[in-house]
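Single-structure report; data block below.
The values are calculated or read from the model by the stated rules, or taken from the named source; none is laboratory data. Computed from a predicted model, the values in this text were never measured in an experiment. Here the Cβ is made from the backbone with ideal geometry for all residues, glycine too, and neighbour counts use every protein chain on show. Just the protein is used for accessible areas: all its heavy atoms, side chains included, with ligands, DNA and RNA removed. Shrake-Rupley method; radii C 1.70, N 1.55, O 1.52, S 1.80 Å.
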Amino acid sequence: MLVGSGSDTDSERKAMPEYKLNTSFTGADLTRFLAAGSNVVVAKPNNGGQPNVAWVVYRPLEKNAMTWEEEYGIYASNADLISGGELFQMSKTGFPAVAGKLYSMTDTGAFGPPTSGGSAGSYTAVNGYANLPKGFLTIGLFQDAVVNGNAATGNAVSAATVQYNYKAVMTPYTTVYLWMQSQVVSNSVLTVVTSPMTKVTFGGSVTDISLAYDATSGTFIPPSDNQLAAGLSVDHYAPAVL
């Protein structure tokens, strides 16, 4: 598997901020979720809109901590964008990939090294792989995280179908969505959300967010008004077909 390189220097990587999302539940919440098979689903926006990939799914404890850095790689998969489909990565770039550069999926079945021609602030890939029985590849970004001390390495955060010789321009976001749902696994396509989603935005001085599950609304809310006063943005969305 593959191959391209383009890692940041150690000093640049150490300067990368770490984001932390803390979630808390009551014992009664956990009892209900266990009976229903519901887990926490964390996802990122799809082209700035609501997500279409379940990035990380985990069974909650009373207190949970998820951390990550804003570093990404690019992957290619032959998966269809059908709900529940696992995004098996047939090939991927080196990690972290370099924003603003262009990565080409070549006829060898591997990504080549980064070149000029990308879009500033985004990750760009070209599907130059001619052997396409389906007529396309699924291409997206992947990102590492740690949940309650357990590594979730290389899970997809986005996915889009890309035809031969077409280009995918993927812009990362520090926004995350989270909600409770059953029968969803990490690193999979997601087209139906069955419970309310909570959207929170990291960035700038907002790097550590704590939320508590509210059983009445089925959403996550700040445990106090202090975070809202400090600039935290929290929005809620009804269940949806994405």
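Quick look at the values:
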{"read-out": "Number of positions in region 111-132 that are touching a residue at least 60 places away in the same chain (Cβ under 8 Å) and assigned to a loop (DSSP other than H, G, I, E, B)", "value": "3"}
{"read-out": "Filtered residue count, region 130-177, keeping only those that are buried (at least 22 other Cβ atoms within 10 Å of the Cβ) and more than 24 Å from VAL42 (Cα to Cα)", "value": "1"}
{"read-out": "Pairs with Cβ under 8 Å, 6+ apart, first in region 133-154 and closer than 21 Å to ASN22 by Cβ and charged (D, E, K, R), second assigned to a strand (DSSP E or B) and open to solvent by less than 20 Å² (accessible area, probe 1.4 Å)", "value": "ASP144/TRP68; ASP144/ALA152; ASP144/GLY154"}
{"read-out": "Hits in region 43-57 - residues which are open to solvent by 10 Å² or more (accessible area, probe 1.4 Å) and touching a Ser or Thr at 6+ places or on another chain (Cβ under 8 Å)", "value": "PRO45, ASN46, ASN47, GLY48, ASN52, VAL57"}
{"read-out": "Residues of region 155-188 that turn out to be within 21 Å of PHE33 (Cβ to Cβ) and without any contact (Cβ under 8 Å) to a residue 60 or more places away in the chain, as a count", "value": "0"}
{"read-out": "Residues of region 185-242 satisfying the condition of being at pLDDT below 85 and of a type in the set (D, E, K, R)", "value": "ASP225"}
{"read-out": "Listing of strands (runs of 3 or more DSSP E) fully contained in region 40-110 that carry 2 or more residues being in contact with a Leu (Cβ under 7 Å, 6 or more places away or on another chain) and of a type in the set (Gly, Ala, Ser)", "value": "73-77"}
{"read-out": "Residue selected from region 14-39 under the condition hydroxyl-bearing (Ser, Thr, Tyr) and outside any strand (DSSP E or B), by the criterion nearest to LEU61 (Cα to Cα)", "value": "THR26"}
{"read-out": "Options ALA110, ALA125, ALA97, ALA79; residue that is modelled with pLDDT under 95 and within 24 Å of GLN163 (Cβ to Cβ)", "value": "ALA79"}
{"read-out": "Number of the exception - LEU87 against (1) of a type outside the set (Phe, Trp, Tyr); (2) open to solvent by 60 Å² or more (accessible area, probe 1.4 Å); (3) farther than 23 Å from MET16 by Cα", "value": "(2)"}
